[in-house]
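Contents: one structure, followed by commentary.
The values are calculated or read from the model by the stated rules, or taken from the named source; none is laboratory data. These numbers were taken from a predicted model, which means no experiment stands behind them. Cβ: placed from backbone, ideal geometry, glycine included. Neighbour counts: every protein chain shown. Accessible surface areas use protein heavy atoms only, side chains included; no ligands, DNA or RNA. Shrake-Rupley method; radii C 1.70, N 1.55, O 1.52, S 1.80 Å.
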Amino acid sequence: MAISVEKLAKRWILQLTPDIVRIIVSKENVGAGVQMFGQIKSVSLDILVMAYAELSTAVGFIPVVRLNPQDRIFEAYHIESAAENNSIWMELSGELFVRALKSSQQASDVTMKLTKKQNLPTLSFSITNQSRSGKPVLLVQDVPIRVLSVREAEELKEPVIVDYQVHILLPQLHHVRTITERMKAIGTHLLVSANMSGEFTLKVETDAVKVETFFKNLINPELDPSQVDVSEQPSMNRNPHTFAEVRVDVRDFAKFLHSSVINPRNVVCCIIEGIGLMLYVYLGEGTDGDDGAFTYYIPMRSR
């Protein structure tokens, strides 16, 4: 999950709750670039938490997490916090966080602990490996963090846009990524268009050249009536052969496509004309997000 976000931004927000682990890349100005809100359920997890009042008036604890490299996330997970909804919010370096996780890939045991070092809050990874002789070797990697205040956490809200003109399941992302990387070498803006008849198009155009790629026979997934008023949804009340389109920065779209490294099962692209793209990346079989999901927002760009 973290590796797929590595290219988006240098600083991330990590939220730990009793049920969900979230990684957030957000911008104060929605039009500034790609935003991402990713989450995965912490089912069957058990984090051990110890009280530590000096850490933060909003938090006041040290969580200790034992990680099993063979499991999706945590082997043990239990959390307690003085903050509302029993959650921890922290800002950290994505590069350092991913580096610590990569060091843990072949480990026999990993403990992630929120603690203080030199009087500064730190996310500390204690990683146990085996030497060639079979003896345990302990590696400690520290990721400095900044604990967010309650006010800062409340400001981190995912964009909610339901009035999209088209929603469509994308082809396998690694195919789209290969095409986009070639288009990135041609121009700076990418025209993304689709309709409700399973057609999806990518186009890059300059004064000298125009390149366009077409995908057909894709799926326009059914909407959940319990979540959306289908009768009022623009994508369900238009000529299915009429294309909706939006122009985005090709580099922003390429950053989103880095999520292909997690091999998502389903990716839904929603086109909101005049605003941008909402892209929902689902880790499980369906599109309900039960196994984890990422939501990307890519703002439109003018010529």
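Computed over protein heavy atoms with a 1.4 angstrom probe, the accessible surface ordering of Ser259, Ser226, largest first, is Ser226, Ser259. For the pair region 101-176 / region 216-267, the C-alpha centres are spaced 28 Å from each other. Ranking of His175, His258, His189, His241 by solvent-accessible surface, largest first: His241, His175, His189, His258 (1.4 Å probe, protein heavy atoms only, all chains present). Only protein atoms count toward the accessible area here, which uses a 1.4 Å probe; on region 146-303, the carbon and sulfur part of that area reaches 47 percent. The label point for Ile186 and the one for Phe214, both projected 7 Å from the Cα toward the Cβ, are 1.5 nm apart. Other residues with beta-carbon under 12 Å from the beta-carbon of His167 carry, at +1 per Lys or Arg and -1 per Asp or Glu, a net charge of -2. Rounded to the nearest 10 square angstrom, Phe243 shows an accessible area of 80 square angstrom against a 1.4 Å probe. In this simple spin-label model, placing a label point 7 Å from the Cα along the Cα-to-Cβ direction at both Thr201 and Lys41 gives a separation of 4.0 nm. Amide H to amide H distances under 5 Å link Val166 with Ile271, where only residues 5 or more positions off or on other chains count and H is placed in the peptide plane.
Panel values: region 192-303, Kirkwood radius from alpha carbon pairs, Stokes-Einstein at 4 °C and 1.567 mPa s, translational diffusion coefficient 85 µm²/s.
Between Glu155 and Leu223, what FRET efficiency follows from the Cβ-Cβ distance if R0 is 25 Å, with the result rounded to 0.05? The pair Glu155/Leu223 has a calculated efficiency of 0.25. Taking Glu95, Glu222 and ordering them by how much accessible surface each has at a 1.4 Å probe, largest first, produces Glu222, Glu95.
For region 94-165, just say rounded, prolate or oblate: build the C-alpha gyration tensor, square-root its eigenvalues into a ≥ b ≥ c, call rounded for a/c under 1.5, and beyond that prolate if a/b exceeds b/c, oblate if not. The shape class here is oblate.
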